[in-house]
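Engineer: Structure provided below as structure tokens; questions to follow.
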Amino acid sequence: MNYGLAKRATLQSLRSGRMARRDVCDAHPYLLRAARYHGEPTNRVCPICAHRNVTHVTYVYGDALGRSAGRVKATSDLVQMAHEYEEFRVYVVEVCQGCSWNHLTVSFVLGNGGSPDDPDDTRRADSDSGGHPAET
């Protein structure tokens, strides 16, 4: 799902005075830290302060991920994860480390679509025991 319309509506509300800057520049300190150390730089200028480029922070969630759920992942990791896990949801947040603007930009589902009842699916045994898929 693309959240571009929601972003445009938020920016319009800010410009029209229906929202204050403090209402949209409210990134949690953990999100700012994730952007600084794990985020992926973009060439897009912050729509609020126009002084810095926004950083993308990618989070993954899903029951199949176990302890990895809710963690920040590099975009390059998603292809491998899509092969390893049946299904998980990805959320990409744009963050300005200058003014603390943050907005969910896109979310989507990835995974191999494998059936948990598939006897050839070794992930089933791993998830039942609380472990993770074997690394190759």
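The values are calculated or read from the model by the stated rules, or taken from the named source; none is laboratory data. Please read these numbers as outputs of a predicted model, since none were measured by experiment. A quick note on method: Cβ atoms are made from the backbone with ideal geometry, for glycine too, and the neighbour counts reach across all protein chains shown.
Engineer: Checking Gly98 against (1) touching a helix residue (DSSP H, G or I) at 6+ places or on another chain (Cβ under 8 Å); (2) in a loop (DSSP other than H, G, I, E, B); (3) closer than 27 Å to Leu11 by Cβ, only one condition comes out false. Which one?
Structural biologist: Failed condition: (1).
Engineer: State yes or no: is Asp118 outside any helix (DSSP H, G or I) and at pLDDT below 60?
Structural biologist: yes
Engineer: Output the number of the condition that Leu104 fails; it satisfies all remaining conditions of (1) of a type in the set (A, V, I, L, M); (2) at pLDDT below 95; (3) part of a strand (DSSP E or B).
Structural biologist: Of everything listed in (1) of a type in the set (A, V, I, L, M); (2) at pLDDT below 95; (3) part of a strand (DSSP E or B), Leu104 misses just condition (2).
Engineer: Let me ask another. Return the pair list, or none, for Cβ contacts closer than 7 Å from residues in segment 55-74 that are more than 22 Å from Gly114 (Cα to Cα) and touching a residue at least 40 places away in the same chain (Cβ under 8 Å) to residues that are assigned to a strand (DSSP E or B) and among the β-branched types (Val, Ile, Thr), at least 6 apart or on different chains.
Structural biologist: Qualifying pairs under 7 Å: Thr55/Thr42; Thr55/Val95; His56/Thr42; His56/Val92.
Engineer: Let me ask something else. Tell me the residue from Val60, Val90 that is surrounded by 14 or more Cβ atoms within 10 Å (Cβ to Cβ), among the hydrophobic types (A, V, I, L, M, F, W, C), farther than 17 Å from His103 by Cβ and at pLDDT 95 or above, please.
Structural biologist: Exactly one residue qualifies, and that residue is Val60.
Engineer: Hey, among the residues in segment 35-56 that are of a type in the set (A, V, I, L, M) and touching a helix residue (DSSP H, G or I) at 6+ places or on another chain (Cβ under 9 Å), which one's surrounded by the most Cβ atoms within 10 Å (Cβ to Cβ)?
Structural biologist: Selected residue: Val54.
Engineer: Pairs please, first residue from segment 6-20 and farther than 17 Å from Val106 by Cα, second anywhere and loosely packed, with under 14 Cβ neighbours inside 10 Å, Cβ atoms under 7 Å, 6+ apart in sequence or on different chains.
Structural biologist: Listed by first residue and then by second, the contacts come to Leu14/Arg21.
Engineer: Here's another thing I want to ask about it. Can you pull out the residues in segment 65-86 that are of a type outside the set (A, V, I, L, M), modelled with pLDDT of 95 or more and within 15 Å of the chain's Cα centre (by Cα)?
Structural biologist: Listed by number, the residues that qualify are Gly70, Arg71, Lys73, Thr75, Ser76, Asp77.
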